[in-house]
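> Below is one structure. I have some questions about it.
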Amino acid sequence: MTTKTITPSKTERDFEPFPEHSPRDDMQNWNHLYSRGQAAGLVIHIGNPETTTAGSEIPVGPTLANRDDHRVPDFMISRNSRPELIEADGGYAIDRQGKPPDFVLEVASRWTGVIDYTSKREDYARYGIAEYWRFDSTEGEYHDAALAGDSLVDKEYEAVEIERLDESQYRGYSEALGLYVCWEYGKLRFYDPVSESYIRTHYDEVAEREAAAARANRESKARRDAEQARRDAEQARRHAETRAAEAEAENRRLKERLAALGGSQ
C-alpha cells in the first residue's frame, strides 16, 4: 500500500486580516447604540461571552482570502462563534468562525442610508446572515422605512412583519434575538416578551439611580419633617403643661389669699 503525500493548502493564517476602518463619525451610532447603552444592554442580555461575538463596526466577510469582500455593520451578534478570533483577523471571517452572524443592524445616516437597504442588503444575504435589521430615526428619510427587518429564507431575504402600534411606535420580532426590535419616538429599543420589559441599558440604570436618589431624598425629608413635627408637638405639650402648672399654682395662691382674708374678719 502506498501513501500519497498531501501538501497542505494555504490556510487563513497565511492571509492578512481585514483592513482597518475608522469609526463612523456622524453621531448616529452614538445617539442610538452607545449613549443609551443599547449595545451593552444586548450583550449582557444574551450572555455567554465565551461563545458570543457582539460588537459595533466589526468588519464581516466570507473569508480573509478575499479581504476586500466585506461589510462593516453598525452592530452584529453571533452566537456559538469564536470571539477570540476577532482581534487576530481584524474582523469576523465567516469561514474561520464556522458560521455567519445571526443578527446585523444598520443605523441610518445621511451618507449611508441608500446603501443600507440596497447593496448591503444583497451582501448580507450572500454572506448568509440570518437576520438583517435597519433603523432610521427620521422615520424613513434615509432608509426605505423607519424600521425594517429581513429574515434569510432559502438564501434570500424575506421581510419581517413590522407592527405599527401608533403613530410614533413600530416593532418587529427578531427570531435571532428572541426580542422585539422597536422604533419608539425616534429611539431604538429592544423589548423582551418573556420578562415583558425592555432590555436594561446604561441610560435606564442612570434614570433608576436618579429616581432612587430622588425617592431617598423625599423619604429623608419626610423623616426629618416627621421628626420636626414630633419635636414641635413635644415642645407644645411641655409648654401646655407648664402653663397648666402655672395656672394651678396661681389658683392655689388666690385661694390662700381668700382664705387668709376670711380668717381675719
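> Go through segment 89-118 and give me each residue that's closer than 24 Å to Gly186 by Cβ and either in a loop (DSSP other than H, G, I, E, B) or acidic (Asp, Glu) (or both). Give the derivation first.
Just the residues of segment 89-118 that are closer than 24 Å to Gly186 by Cβ, to begin with: 103-118.
Residues satisfying the conditions are Glu106, Ala108, Ser109, Arg110, Trp111, Thr112, Asp116, Tyr117, Thr118.
> While we're on this one: Name the strands (runs of 3 or more DSSP E) wholly within segment 119-173 that hold at least 2 residues that are without any contact (Cβ under 8 Å) to a residue 12 or more places away in the chain and either exposed (fewer than 13 other Cβ atoms within 10 Å of the Cβ) or among the aliphatic types (A, V, I, L, M) (or both)? Quick ask: steps written out before the conclusion?
On the way: elements: 131-135, 147-153, 156-159, 162-166.
Qualifying strands (runs of 3 or more DSSP E): 156-159, 162-166.
> Please specify each residue of segment 67-92 satisfying the condition of being modelled with pLDDT of 95 or more, more than 25 Å from Gly41 (Cα to Cα) and not acidic (Asp, Glu).
The answer is His70, and nothing else.
> While we're on this one: Go through segment 77-88 residue by residue and tally those that are open to solvent by 30 Å² or more (accessible area, probe 1.4 Å) and part of a loop (DSSP other than H, G, I, E, B).
Pass one, segment 77-88, residues open to solvent by 30 Å² or more (accessible area, probe 1.4 Å): 79-80, 82-84, 86-88.
Next cut, part of a loop (DSSP other than H, G, I, E, B) only: 79-80, 82-84.
Residues flagged as open to solvent by 30 Å² or more (accessible area, probe 1.4 Å) and part of a loop (DSSP other than H, G, I, E, B) within segment 77-88 amount to 5.
> Might you check whether a residue that is in a helix (DSSP H, G or I) and without any contact (Cβ under 8 Å) to a residue 12 or more places away in the chain occurs anywhere in segment 195-207?
In the first step, residues of segment 195-207 are kept if they are in a helix (DSSP H, G or I); the result is 202-207.
Pick out the ones that are also without any contact (Cβ under 8 Å) to a residue 12 or more places away in the chain and you get 206-207.
Yes, segment 195-207 contains a residue that is in a helix (DSSP H, G or I) and without any contact (Cβ under 8 Å) to a residue 12 or more places away in the chain.
> If Ile115 passes every condition in (1) surrounded by fewer than 18 Cβ atoms within 10 Å (Cβ to Cβ); (2) at positive phi but one, which one does it miss?
(2)
> Restricting the search to segment 42-64, which residues are touching a Leu at 6+ places or on another chain (Cβ under 8 Å) and under 12 Å from Leu105 (Cβ atoms)?
Those that are touching a Leu at 6+ places or on another chain (Cβ under 8 Å) and under 12 Å from Leu105 (Cβ atoms): Leu42, Ala54, Ser56.
> Follow-up. Tell me, yes or no, whether segment 200-210 has at least one residue that is over 30 Å from Tyr173 (Cβ atoms) and open to solvent by 80 Å² or more (accessible area, probe 1.4 Å). I'd like the intermediate steps shown before the answer.
Taking segment 200-210 first, the residues over 30 Å from Tyr173 (Cβ atoms) are 209-210.
Next, from what is left, pick out any that are open to solvent by 80 Å² or more (accessible area, probe 1.4 Å): 209-210.
Yes: segment 200-210 contains one or more residues that are over 30 Å from Tyr173 (Cβ atoms) and open to solvent by 80 Å² or more (accessible area, probe 1.4 Å).
> Please verify whether segment 56-76 includes one or more residues that are open to solvent by 20 Å² or more (accessible area, probe 1.4 Å), in contact (Cβ under 8 Å) with a residue 12 or more places away in the chain, touching a strand residue (DSSP E or B) at 6+ places or on another chain (Cβ under 8 Å) and part of a helix (DSSP H, G or I).
Looking through segment 56-76, none of the residues is open to solvent by 20 Å² or more (accessible area, probe 1.4 Å), in contact (Cβ under 8 Å) with a residue 12 or more places away in the chain, touching a strand residue (DSSP E or B) at 6+ places or on another chain (Cβ under 8 Å) and part of a helix (DSSP H, G or I).
The values are calculated or read from the model by the stated rules, or taken from the named source; none is laboratory data. Predicted model only: the values in this text are computed from it and were never measured. Cβ sites come from the backbone with ideal geometry, for glycine too, and all protein chains shown count toward neighbours. Note: accessible area is taken over every heavy atom of the protein model, side chains too, but ligands, DNA and RNA are not part of it. Shrake-Rupley method; radii C 1.70, N 1.55, O 1.52, S 1.80 Å.
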